[in-house]
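Q: Can you read through this structure? Questions will come right after.
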Amino acid sequence: MRRISVFAFVLILTLQVCGQTDTLQSLPLPRVMDVIYQQKDSSRAISISNYLTKRARIEKDSAAVSWGHFGNYLYRKHPSNLPFLDSLIFTTKGLNNTEEIFGLITNAEYHFYDKNEFLEALSFYLKARSLSVEIKNEYYVRKTTSSVASIKFLAGEYSESLKLYHRYSQMEPEDELGLYFDIANCHYELKNIDSLSYYSKMGIRKSLEKKDTLKYEYFLRLNGVSQYMHGNYKRALDSLNKSRGFSMDSINLGSSFYYSALAYEAMGRIDSAMYYFKEITALNQDPEIYFPEIKNVYLRLYEQSKEKNNTGEQLYYVEKFIEIDSILESKSKGLISQVEKDYDIPNLEERKKSLQIALANKNYLTYLVVALSIMLILSFAAFFIRFFKQKGRLKAAINNPINYLKTIDSPKPAINLKRSKLPAELIKQFDSFFKRFELEKQFLNQAMSLQLLASSANTNTSYLSSYLNTYKRGYSNYVNRLRAQYAFTEIPKNPKLFIFTLDHIAKLYGFSSLRAFNRSFEKFVKIKPRDYLAQIRLRKDSGN
């Protein structure tokens, strides 16, 4: 009986494919590619892609053959899709048309976004740009110019990057605000203070016109930095404080805190400067998103703890400095290394003194070696404990997502009534407003900000911020917790999501970037979203 059922299923599937093939035969090849994009079922899209490749070979249409390879690359799972990426390059090579450019850019994006192989990506982008210029394809000239400028910036070639961005600005760019931000960042790295000030002010004006609160925050922060560099410390603090009212990104917050600390330090208010330096360490940033100035943060904190003769803090800040220096150095390999210029050479004399002290005191050296060995053993032990704990959490999350959310020890809203000076009626009004806010899932709005929320609640940001800090652990924690936990419970119910990238999924649930999604998911759900999706796919493929 079971064999009959299987046979019937195969027969029905065969008839469907045959019927579909008859329909496709009446369509021109470009129209078949459109049909592939319309498919919601990946297996059907792959079947049509194979048909397109086969038919295009018979009709000797090399461009259409490449379309079939791209369909297979797009809809097949990693890593089984990678051979089709190679085939895409092979079939488009030498065509000298948009298909060859598209193949080169597809490979460049794979190396850039998936592999973080920037030099390999740059090679493909440069070939694509050269061909785009040759055949006068304005769209791809714009796209490749912008992409090469981005890689040049990552490589520390800021002058070259700036030239390319200015060239790109003459090509009617699609994201004008993004371009101004990139140009401003180049001027920041090159210490062109007047130009940084010009583009930050222009960005503020344009972002207000377009009501883009995300870019408005970026430009406010850059304007604060330029004001600090000009020596206008009070204006700098004003811009930096305003920017933090819009920011939920720890990199931007870290940079804002850093320049606030420098401004207070320049004004002689050392306690305020140290407060903001410590605020940066409280952000608990992941190593992959450290910003370069963070080394200076731990160096300043170490020097202060040394003045106070606090041995415990000195040890902590030194260890963090060494750890971060190592991470930043490893990130720069293959692109640029400024470690010698920024750290090694100025500290050679300090190292020499340390070695002299170590040679004069062998007992201290022995103690240090033993202490470091113990720390290494404890680090390995902590790593394996975290590994097995994460594995256990992932299993529990897959088996029963709802129950898992109730049991995990994620940060909960901490009520601090001492900080609350709000009237009881206003608190009741806010309780009702946020109950409706959660019920209507307004937190999924990617453009949501404290200002927008205050407007919806018919109040000002000061009252709303006070309420959120008292009852919800602050605006960022509250909104990101709702988004992360909602995504956690909804993703298993929506198998269509699996054809999208993690970046696209993050934006569906209200996050402005993949980095913000990863950070919030790990903070409030205690597992990594990539591992969670992989386990769901595995269970779906196995039929459980």
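Q: Simple spin-label model, 7 Å along Cα-to-Cβ: SER513 to ASN403 in nm?
A: That separation, rounded to one decimal, is 3.8 nm.
Q: What's the ranking of 205-215, 39-49, 506-516 by average number of surrounding C-beta atoms within 10 Å, highest first?
A: Values: 205-215: 15.2, 39-49: 17.1, 506-516: 19.3.
Those peptides, ordered most packed to least, come out 506-516, 39-49, 205-215.
Q: Something else about it: How much length is gained on full extension from ARG235 to LEU190, taking 0.36 nm per residue of separation minus their Cα-Cα distance?
A: Working: separation 45, 0.36 × 45 = 16.20 nm, distance 2.19 nm.
Going from the current span to full extension adds 14.0 nm.
Q: Quick one: dipole size for the stretch 100-335, taken about the Cα centre, charges +1 on Lys/Arg Cβ and -1 on Asp/Glu Cβ, in debye to the nearest 20.
A: Values: 30 positive and 34 negative charges, 148 e Å.
Around 720 debye, computed over the stretch 100-335.
Q: Now for a different question. What does the C-alpha gyration tensor say about the overall shape of the stretch 51-90? Classify as rounded when a/c is under 1.5, otherwise prolate if a/b is larger than b/c, or oblate. Before the final figure, lay out the partial values.
A: Numbers: a/c = 3.02, a/b = 1.95, b/c = 1.55.
Prolate shape, in that a/c is at least 1.5 and a/b is the bigger ratio.
Q: Additional query: Quick one: ILE101, ILE322, ILE36, ILE427, fewest Cβ neighbours within 10 Å first, how do they rank?
A: ILE322, ILE427, ILE36, ILE101
Q: Please express the shape of the stretch 100-335 as an equivalent ellipsoid: the semi-axes are the square roots of 5 times the eigenvalues of the C-alpha gyration tensor, given largest first in whole angstrom. Don't jump to the answer; show the numbers that get you there.
A: On the way: eigenvalues 258, 104, 35 Å².
With the √(5λ) rule applied to the stretch 100-335, the semi-axes are 36, 23, 13 Å.
Q: From the backbone phi of the stretch 300-309, what are the Karplus-calculated ³J(HN,Hα) couplings (6.51 cos²θ - 1.76 cosθ + 1.60, θ = phi - 60°) in whole Hz, Gly and Pro given as x?
A: 5, 5, 5, 4, 5, 5, 5, 5, 7, 6
Q: Over the stretch 403-542, consider all pairs of different Cα atoms and compute the Kirkwood hydrodynamic radius from their mean reciprocal separation; express it in Å, one decimal. Before the final figure, lay out the partial values.
A: Details: mean 1/r = 0.0615 Å⁻¹.
Roughly 16.3 Å, rounded to one decimal.
Q: Would you work out if the stretch 19-62 is rounded, prolate or oblate? Take a ≥ b ≥ c from the square roots of the eigenvalues of the alpha-carbon gyration tensor; rounded if a/c is under 1.5, else prolate when a/b is larger than b/c, oblate otherwise.
A: Numbers: a/c = 1.74, a/b = 1.54, b/c = 1.13.
In terms of gyration-tensor shape, prolate.
Q: Take the alpha-carbon centre of the stretch 492-544, take the same for the stretch 62-140, and report the distance between them in whole Å.
A: 27
Q: A follow-up question, please. Equivalent ellipsoid semi-axes for the stretch 100-175, as square roots of 5 times the alpha carbon gyration tensor eigenvalues: give them largest first, rounded to whole Å.
A: 18, 17, 9
Q: Follow-up question, since we're still on this one. Could you calculate the FRET efficiency of SER455 with ASN96 from 1/(1 + (r/R0)^6), where r is the beta carbon distance between them and R0 is 51 Å, rounded to 0.05?
A: After rounding to 0.05, the efficiency reads 0.40.
Q: List residues of the stretch 63-88, by number, whose backbone nitrogen lies under 12 Å from a label position 7 Å along Cα→C-beta of GLN535.
A: Once the point is set 7 Å along Cα→Cβ of GLN535, nothing inside the stretch 63-88 turns out to lie under 12 Å by backbone N.
Q: Can you tell me the order of 470-480, 269-279 when each peptide is scored by its average per-residue count of other Cβ atoms within 10 angstrom, highest first? Don't skip to the answer; put the middle values down first.
A: Details: 470-480: 20.1, 269-279: 16.3.
Listed from highest to lowest mean packing, they are 470-480, 269-279.
Q: Largest first and to the nearest Å, give the Cα extent of the stretch 36-145 along each principal axis.
A: Each principal axis gives a Cα extent; for the stretch 36-145 these are 36, 32, 22 Å.
Q: Show me, for the stretch 171-176, the HN-Hα J-couplings you get by feeding each phi into the Karplus relation (A = 6.51, B = -1.76, C = 1.60, θ = phi - 60°), rounded to Hz, glycine and proline as x.
A: 10, 6, x, 6, 10, 5
Q: Another question about this same structure. For the pairs LYS143/LYS493; LYS234/LYS320; LYS152/LYS191, note any where the Cα-Cα span goes beyond 28 Å. Don't skip to the end; give the middle numbers.
A: Values: LYS143/LYS493 36 Å; LYS234/LYS320 31 Å; LYS152/LYS191 17 Å.
Pairs exceeding 28 Å: LYS143/LYS493; LYS234/LYS320.
Q: While we're on this one: For the stretch 56-87, which trypsin sites (Lys or Arg not before Pro) pass both filters: DSSP loop (anything but H, G, I, E, B) and at most 13 other C-beta atoms within 10 Å? Don't jump to the answer; show the numbers that get you there.
A: Details: sites: ARG57, LYS60, ARG76, LYS77; in loops: LYS60, ARG76, LYS77.
Listed in order of number, the matching sites are LYS60, LYS77.
Taken together, the values in this text are just the output of simple stated rules run on the coordinates, not laboratory data. None of these values were measured; they are calculated from a predicted model. Glycine also receives a Cβ, built like all others from the backbone with ideal geometry; neighbour counts cover every protein chain displayed.
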